[in-house]
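K.L.:
Sharing a structure here in structure tokens format.
The values are calculated or read from the model by the stated rules, or taken from the named source; none is laboratory data. Predicted, not measured: the structure shown is a model, and the values here were computed from it. We place every Cβ from the backbone using ideal geometry, glycine too, and count neighbours over all the protein chains shown.
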Amino acid sequence: MVFALMGCSGYTKFSEESRSIAKQTTTPRDILSAKIVNRLEGSNHPFLTVGKFVELADRYQSCQCTNERFVRRWEKTADGYLLHSYFNKSSPIEFICTREGDNADCFILEIDRGKTIRVLNERFAAGSSLVKFIYEKGVKCEQIRPCK
């Protein structure tokens, strides 16, 4: 009976959460300064925060003359966040995060770069590869001509 009344009122906690998730296009504040701990062995690029990662990804997207920003939306999970992006029609990027005091770390799980890549060995990549790619491509725009 209580469930039926809640349904009639139009209010449920689930519908409230669904609305807030769909509108979350900015990086969630609790992981904005979290360090991404994915590293390739021998990597010489600095550790990135989640906020810097998104900034560099946006820079790379704009350098490619796209009309979209990098982030489509963020979705909260039990262990962190899913980042739904406009990046090459890839699957959501999963961030697993931990917090110890004021410090937070996030790890990016393996990336599915999208069904358009037929060779499975090339379709999936380690999160550290994505971090390296975004850092290298976001720091310097190789586009010489202005976007139209």
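K.L.:
Give the residues of segment 125-148 that are over 16 Å from the mean Cα position of the chain (by Cα) and among the hydrophobic types (A, V, I, L, M, F, W, C), sorted by residue number.
P.N.:
Of everything in segment 125-148, those that are over 16 Å from the mean Cα position of the chain (by Cα) and among the hydrophobic types (A, V, I, L, M, F, W, C) turn out to be Val139, Cys141, Ile144, Cys147.
K.L.:
Can you spot a residue in segment 29-37 that is part of a loop (DSSP other than H, G, I, E, B), modelled with pLDDT under 95, loosely packed, with under 13 Cβ neighbours inside 10 Å and over 11 Å from the mean Cα position of the chain (by Cα)?
P.N.:
No; the residues of segment 29-37 include none that is part of a loop (DSSP other than H, G, I, E, B), modelled with pLDDT under 95, loosely packed, with under 13 Cβ neighbours inside 10 Å and over 11 Å from the mean Cα position of the chain (by Cα).
K.L.:
Against the definition (closer than 20 Å to Val37 by Cα and either in contact with a His (Cβ under 8 Å, 6 or more places away or on another chain) or part of a loop (DSSP other than H, G, I, E, B) (or both)), how does Tyr81 come out, yes or no?
P.N.:
no
K.L.:
Would segment 130-148 turn up any residue that is more than 19 Å from Asp58 (Cα to Cα), touching a strand residue (DSSP E or B) at 6+ places or on another chain (Cβ under 8 Å) and of a type outside the set (Val, Ile, Thr)?
P.N.:
no
K.L.:
Filter segment 59-89 for residues that are acidic (Asp, Glu) and more than 11 Å from the chain's Cα centre (by Cα) and give the result.
P.N.:
Glu68, Asp79
K.L.:
Could you grab me the full set of residues in segment 85-99 that are farther than 15 Å from Leu109 by Cβ and charged (D, E, K, R)?
P.N.:
Lys89, Arg99 - these are the residues of segment 85-99 that are farther than 15 Å from Leu109 by Cβ and charged (D, E, K, R).
K.L.:
So, one more: Would you check which residues across segment 87-116 are farther than 19 Å from Glu68 by Cα, in contact with a Phe, Trp or Tyr (Cβ under 9 Å, 6 or more places away or on another chain) and without any contact (Cβ under 8 Å) to a residue 40 or more places away in the chain and list them?
P.N.:
Glu94, Ile96, Thr98, Leu109, Glu110, Ile111, Asp112
K.L.:
Check whether at least one residue in segment 71-93 is hydrophobic (A, V, I, L, M, F, W, C) and in contact with a Cys (Cβ under 7 Å, 6 or more places away or on another chain), and report yes or no.
P.N.:
Taking every residue of segment 71-93 in turn, none turns out to be hydrophobic (A, V, I, L, M, F, W, C) and in contact with a Cys (Cβ under 7 Å, 6 or more places away or on another chain).
K.L.:
Which one is modelled with the highest pLDDT, of the residues in segment 53-78 that are aliphatic (A, V, I, L, M) and farther than 14 Å from Lys137 by Cβ?
P.N.:
Ala78
K.L.:
Within segment 105-148, track down each residue that is in contact with a Leu (Cβ under 9 Å, 6 or more places away or on another chain), small (Gly, Ala, Ser) and within 17 Å of Leu82 (Cβ to Cβ).
P.N.:
Matches in segment 105-148: Gly127 only.
K.L.:
Go through (1) surrounded by fewer than 21 Cβ atoms within 10 Å (Cβ to Cβ); (2) in contact with a strand residue (DSSP E or B) (Cβ under 6 Å, 6 or more places away or on another chain); (3) modelled with pLDDT of 85 or more and name the single condition Tyr81 misses.
P.N.:
Failed condition: (1).
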